[in-house]
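Q: A single structure is presented below for examination.
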Amino acid sequence: HLRETITHVRVHKSVKIITARAFCECWNLVSIEMHDGVEIIGPNAFYWCTSLRGIKLPGVRVIEENAFDECKALEDVEFGDKLETIGQYAFADTALRAIKIPKVRVIENYAFYGCEQLTDVELSEDLGTMAGWVFLKCRRLRRILIPLKYNLLDESEFEYCDDLSQVDLVGGIHKTISSLLLDSWRNEMND
């Protein structure tokens with residue numbers, strides 16, 4: 001079975017899209033060399049690639065649903081500055097330790113669900129939409145840098161994030177605590 005023998009992949013310059021399920025269940029895939037012309041990572045493209053340790057996504061605009069879901073060894077992802085959308089469950093149940101996303105507009109439901117090793121997150125000021133439960137069960141998450149924008153957050157985003165102790169809010173001007181947008185945080189700060 002070919003999927004079981006692939007260990008290293010170099011993406012040819014002519015490839016712009018990694019199609020749906022392209023490397024799904026390539027359990028022994030350790031590395032993939034991506035050029036900056038790859039724009040889309042399709043649904044389930046690397047689903048269950050349990051040996052993949054890291055990947056650079058310099059030109060990627062869209063990471064579709066479940067793209068790296070269940071990549072249990074995936075510790076390091078380098079996001080480029082063209083990123084627009086991260087789909088639902090895109091990085092669920094991976095071994096990511098830190099995330100720095102220089103540019104992204106939309107993060108969909110459960111995108112980083114169950115990332116048990118994740119401790120530090122920095123999100124782009126361009127972020128305009130973050131669907132529910134993005135960081136659900138990221139139990140070691142300690143710090144997040146996130147833009148302060150209307151309706152970007154609700155209480156569900158950080159359920160079971162028991163270690164979350166530092167939230168750095170960037171962008172926007174807020175003169176008083178009462179102008180903050182999230183009731184529960186506002187109430188806790190007032191207390």
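Q: Choose one answer from Leu169, Leu123, Leu96: the residue with the largest mean-square fluctuation in a GNM of the chain with alpha-carbon springs under 10 Å.
A: Checking each option, the largest mean-square fluctuation is seen for Leu169.
Q: Rank these by accessible area, largest first, 1.4 Å probe: Tyr160, Tyr113. Before the final figure, lay out each step's value.
A: Details: Tyr160 115, Tyr113 55 Å².
So the residues, ranked largest to smallest area, are Tyr160, Tyr113.
Q: Sticking with this one: Mean separation of Cα pairs under 8 Å and 6+ residues apart, divided by the residue count of the stretch 21-82: what relative contact order is that in percent? Kindly include the intermediate steps, with their values, before the conclusion.
A: Details: 161 pairs, mean separation 22.1, N = 62.
So the answer I get is 36 percent.
Q: Under 27 Å between alpha carbons: how many lysine pairs meet that in the chain, if sequence neighbours fewer than 8 apart on the same chain are excluded?
A: Lysine pairs meeting both conditions in the chain amount to 28.
Q: According to the square roots a ≥ b ≥ c of the eigenvalues of the Cα gyration tensor, what is the shape class of the stretch 1-64, taking rounded for a/c under 1.5, prolate for a/b larger than b/c otherwise, and oblate for the remainder? Present the calculation step by step, with values, prior to reporting the outcome.
A: Numbers: a/c = 1.79, a/b = 1.53, b/c = 1.17.
Here the stretch 1-64 falls in the prolate category.
Q: Right, next: Mind running the shape call on the stretch 28-164? Use the C-alpha gyration tensor, a ≥ b ≥ c as the square roots of the eigenvalues: rounded below 1.5 for a/c, prolate if a/b tops b/c, oblate otherwise. Walk me through the numbers before you get to the answer.
A: Details: a/c = 1.75, a/b = 1.25, b/c = 1.41.
Note, shape of the stretch 28-164 comes out oblate.
Q: Mind telling me which of Ala45, Ala73, Ala111 comes out most flexible in a GNM of the chain, alpha-carbon contacts under 10 Å?
A: Ala73
Q: So how do Arg140, Arg53 rank on accessible area, 1.4 Å probe, biggest first, that is with the largest at the start?
A: In descending accessible area the options line up as Arg53, Arg140.
Q: Please report how far the C-alpha centroid of the stretch 74-143 lies from that of the stretch 1-25, rounded to the nearest whole angstrom.
A: 23
Q: Please state the relative contact order of the stretch 1-158 as a whole percent: Cα pairs under 8 Å, 6+ residues apart? Intermediate results must be reported in sequence, preceding the final value.
A: Working: 505 pairs, mean separation 22.2, N = 158.
Result for the stretch 1-158 is 14 percent.
Q: Please turn the phi angles of the stretch 5-12 into ³J(HN,Hα) values with the Karplus equation 6.51 cos²θ - 1.76 cosθ + 1.60 (θ = phi - 60°), one per residue in order, whole Hz, x for glycine and proline.
A: In residue order, the calculated couplings are 9, 6, 10, 9, 10, 10, 7, 5 Hz.
Q: Separate question: What is the set of long-range amide H partners of Leu145 at a cut-off below 5 Å, with H atoms built 1.01 Å from backbone N?
A: Val121, Glu122, Leu123, Asp168
Q: Using each residue's phi in the stretch 108-113, evaluate 6.51 cos²θ - 1.76 cosθ + 1.60 at θ = phi - 60° and report the 3J(HN,Hα) Karplus result to the nearest Hz, with x for Gly and Pro.
A: 8, 3, 6, 3, 10, 4
Q: Additional query: Decide, for the stretch 12-108, between rounded, prolate and oblate: order the square roots of the alpha carbon gyration tensor eigenvalues as a ≥ b ≥ c, take rounded if a/c falls under 1.5, and otherwise choose prolate if a/b is larger than b/c, else oblate.
A: Values: a/c = 1.38, a/b = 1.15, b/c = 1.21.
Judged from the Cα gyration tensor, the stretch 12-108 comes out rounded (a/c under 1.5).
Q: Taking the full set of protein chains and a 1.4 angstrom probe, give the accessible area of Glu108 in square angstrom, rounded to the nearest 10.
A: Approximately 60 Å² for this residue.
Q: To the nearest 10 square angstrom, what accessible area does Arg3 show with a 1.4 Å probe?
A: Arg3 has an accessible surface of roughly 80 Å² with all protein chains in place.
Q: Run lengths n ≥ 4 of DSSP H only: what is the helix-derived mean residue ellipticity at 222 nm for the chain, with -39500 (n - 2.57) per run over all residues, to the nearest 500? Display every interim value, and only then the final one.
A: On the way: 1 runs with 8 residues, N = 191.
Dividing the helical sum by the residues of the chain leaves -1000 deg cm²/dmol.
Q: Also, I was wondering about something else. Suppose each label sits 7 Å from its Cα in the direction of the beta carbon; what would the Ile17-Ala98 distance come out to in nanometres?
A: 3.5
The values are calculated or read from the model by the stated rules, or taken from the named source; none is laboratory data. The shown structure was predicted, so the numbers you read here are calculated from the model rather than taken from an experiment. So basically every Cβ, Gly included, is an ideal-geometry build from the backbone, and we count neighbours across all protein chains shown. Note: areas computed on protein heavy atoms with side chains; ligands, DNA, RNA excluded. Shrake-Rupley method; radii C 1.70, N 1.55, O 1.52, S 1.80 Å.
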